[in-house]
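First up is the structure itself, then whatever we jot down about it.
The values are calculated or read from the model by the stated rules, or taken from the named source; none is laboratory data. Predicted model, so just to flag it, every value in this text is computed and none were measured. Cβ sites come from the backbone with ideal geometry, for glycine too, and all protein chains shown count toward neighbours. The area values use the complete protein model at the heavy-atom level, side chains included, leaving out ligands, DNA and RNA. Shrake-Rupley method; radii C 1.70, N 1.55, O 1.52, S 1.80 Å.
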Amino acid sequence: MALTTTQDFTTQTKALIDSLKGVCANYGLGNDGNEFKIITQTFLYKFMNDKFGYEVKRKNPKLANAASWEKEIGGFTDSEYEMLLLGLDPEVPKLKREHYLSYLFNRQSDGQFAKLFDDTLRDIAIFNNDIFSVKTETGARVILFDELSNYITDSSKRDAFCRALINPLVNFSFEGVFEQKFDFFATIFEYLIKDYNKDGGGKYAEYYTPHAVASIMAAILVNEKVQNVTAYDPAAGSGSLLMSLAHEIGEERCTIYSQDISQKSSGMLRLNLILNNLVHSIQNIIQGDTLVSPYHKKGDKLMTFDYIVSNPPFKLDFSKTRDDMDTKANHERFFAGIPKTPNKDKDKMAIYLVFIQHIIFSLSPKGKAAIVVPTGFLTAQSGIEKKIREKLVEEKMLRGVVSMPSNIFATTGTNVSILFLDKANTKGEIVLMDASKLGTTVKEGKNQKTLLSAEEEGRIITTFNLHQPSDNFSVVVSYEQIKDKNYSFSAGQYFDVKIEYVDLSPAEFAAKMDGYKKNLDSLFEESKQLEKEIKKQLSGLKYE
């Protein structure tokens with residue numbers, strides 16, 4: 001099917017995703033813990049096929065002009081085919097001819113189709129293992145595809161299940177998207193994972209950062225053209241913050257690094273990188289505990305980064321690993337301390353405070369960072385929160401704060417702010433912004449969610465980057481002023497209390513004063529009458 005517009009691609013791709021979800025539901029895997037693997041990996045197989053087809057046609061005019069590039073390429077000798085693969089760019093997936101979707105589609109009547117399907121995906125993973133596998137903190141490689149048919153418990157239904165997965169994939173092609181180069185996959189990725197990234201994921205639930213928040217963070221962080229920079233997220237989730245940052249910098253001008261304890265997140269982030277032309281960074285995606293075992297190092301020291309973005313979990317039970325962090329070797333990294341393990345409510349341990357300290361420690365000498373924090377962090381009068389704020393001020397690495405509207409995250413009612421750090425901002429001019437009154441509230445499921453319009457996003461970004469003070473919205477302050485306010489980062493504490501002056505002519509002034517005098521005379525006269533009346537009443541009282 002020929003598709004020509006963004007809306008066509010978006011509509012058809014969402015229809016494909018819905019169709020795959022329908023297949024899972026029909027085979028009893030709707031809302032199953034493994035459904036997201038089946039959906040995302042099948043989608044990825046389709047994407048890799050179309051990407052491969054697009055790239056080989058760019059390399060070979062005969063394939064580009066053929067009615068069917070798969071049939072044309074079938075006539076290549078083995079050595080011709082090998083040369084074709086060698087000519088592809090490193091980030092392009094390499095497929096053998098028996099890996100093609102068309103090959104599988106034409107073999108559906110074969111016995112043991114599920115085995116053929118699984119073997120094909122596994123062989124693609126092995127064939128591309130060097131560039132598409134994710135590493136764990138121990139160095140083990142997690143390959144691209146699982147054996148999807150094994151998620152069907154009844155083995156007699158596996159062939160039919162795999163046929164049902166294949167059929168929707170042949171209805172259209174992504175090739176037109178690669179040609180048009182518009183930002184298509186951010187929307188699609190969000191749609192693809194929207195049911196798998198909620199707070200039902202247990203202890204290490206990932207929260208999808210709203211696109212508006214990610215865009216604001218990236219646009220404020222990257223306000224000049226840069227080249228060959230590093231970008232890092234120590235709690236990356238599915239990578240929406242890193243993708244926005246990479247788009248702002250330019251995918252070819254940055255290398256991405258991440259670590260996240262969640263296996264599911266690492267898989268989603270890998271998919272996100274593939275869809276967003278960032279395959280060269282997959283080798284830097286690490287599954288593991290950033291705080292206990294940070295992976296990215298140079299020699300025996302932790303690596304530092306030019307840009308860091310993060311929306312770390314705010315509260316989490318990390319009582320089992322807390323003491324592993326509290327070591328002499330970590331005293332410099334966790335300079336303000338690590339929250340103690342409470343006797344109860346261990347799931348309310350403020351783990352974000354440890355992440356902020358890790359981020360500060362991981363900034364390069366001129367590094368910049370944007371971190372989502374609970375708004376309460378801005379004004380806490382003691383404890384780890386205040387120690388962190390004091391360090392940011394005393395060492396002059398604060399660029400500003402934006403307090404976001406309530407319910408900007410549909411999944412949490414906690415008010416959030418974005419903390420911007422900049423180690424080059426030694427002169428001050430710190431922007432504190434209260435954007436909490438912006439946005440429109442809508443219903444999303446059982447929750448309220450606040451949406452920012454494009455104009456409101458633009459107002460936040462422009463006001464911040466141009467250092468514009470605005471009544472009851474933003475102020476520009478110095479490090480000294482923040483010290484004088486006991487290290488408060490809340491914009492509201494710096495807003496002026498306005499006294500409105502009105503110009504009057506001499507005649508108007510005289511008239512107003514005359515009015516005040518007459519009013520006072522009237523009140524005094526009334527007072528005298530009241531005084532007489534009270535005395536009269538008192539004199540009338542008798543002892544009985």
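Remarks
- Computed on segment 415-513, with alpha-carbon pairs under 8 angstrom and 6+ residues apart, the relative contact order is 29 percent.
- Heavy-atom accessible area per residue - the chain, 1.4 Å, Å²: 50
- The C-alpha radius of gyration of segment 300-347, expressed as a fraction of 2.2 N^0.38 Å, stands at 1.38.
- Cα-projected label distance for residue 62 with residue 226, points at 7 Å along beta-carbon direction, nm: 4.7
- In range of the label at residue 122: residues from segment 132-147 whose backbone nitrogen is under 12 Å from the point 7 Å along Cα→Cβ: 145-147
- Ligands, DNA and RNA left out, the accessible area of segment 264-399 computed with a 1.4 Å probe is 47% carbon and sulfur.
- Shape category assigned to segment 83-127 from the gyration tensor of Cα positions, a/c cut at 1.5: prolate
- Dividing the mean sequence gap of close Cα pairs (under 8 Å, 6+ apart) by how many residues segment 33-156 holds gives a relative contact order of 21 percent.
- Over segment 436-488 - Rg/Rh using Cα atoms and the Kirkwood inverse-distance radius: 1.14
- Remark: relative contact order (the chain) = 10 percent; criterion is Cα-Cα distance under 8 angstrom and separation of 6 or more residues.
- Kirkwood hydrodynamic radius of segment 1-92, from inverse mean 1/r over distinct Cα pairs, in Å: 15.6
- The share of C-alpha pairs in segment 249-373 whose separation exceeds 19 Å stands at 53 percent.
- In terms of its alpha-carbon gyration tensor, segment 73-165 comes out oblate; a/c meets the 1.5 threshold, while b/c is at least as large as a/b.
- Net lengthening on full extension, residue 441/residue 335 (0.36 nm per residue, minus Cα-Cα): 34.2 nm
- Amide N of segment 519-534 lying under 15 Å from the label point, which is placed 7 angstrom from the Cα of residue 504 along Cα→Cβ: 519-520
- Charge tally in the Cβ shell below 10 Å around residue 37, where Lys, Arg are +1 and Asp, Glu are -1, residue 37 excluded: -2
- Under 12 Å, Cβ to Cβ, from residue 435 - net charge with Lys/Arg +1 and Asp/Glu -1: -1
- Cα gyration tensor shape of segment 412-540, rounded if a/c is under 1.5, else prolate or oblate by comparing a/b with b/c: prolate
- Computed from label points 7 Å out along Cα-Cβ, the spacing between residue 86 and residue 150 is 3.6 nm.
- Distance between segment 102-156 and segment 396-429 - C-alpha centres, whole angstrom: 43
- With R₀ fixed at 60 Å, the C-beta to C-beta distance from residue 157 to residue 427 puts the FRET efficiency at about 0.35.
- For segment 24-120, carbon and sulfur atoms together expose 47% of the accessible surface, with a 1.4 angstrom probe and every protein chain in place.
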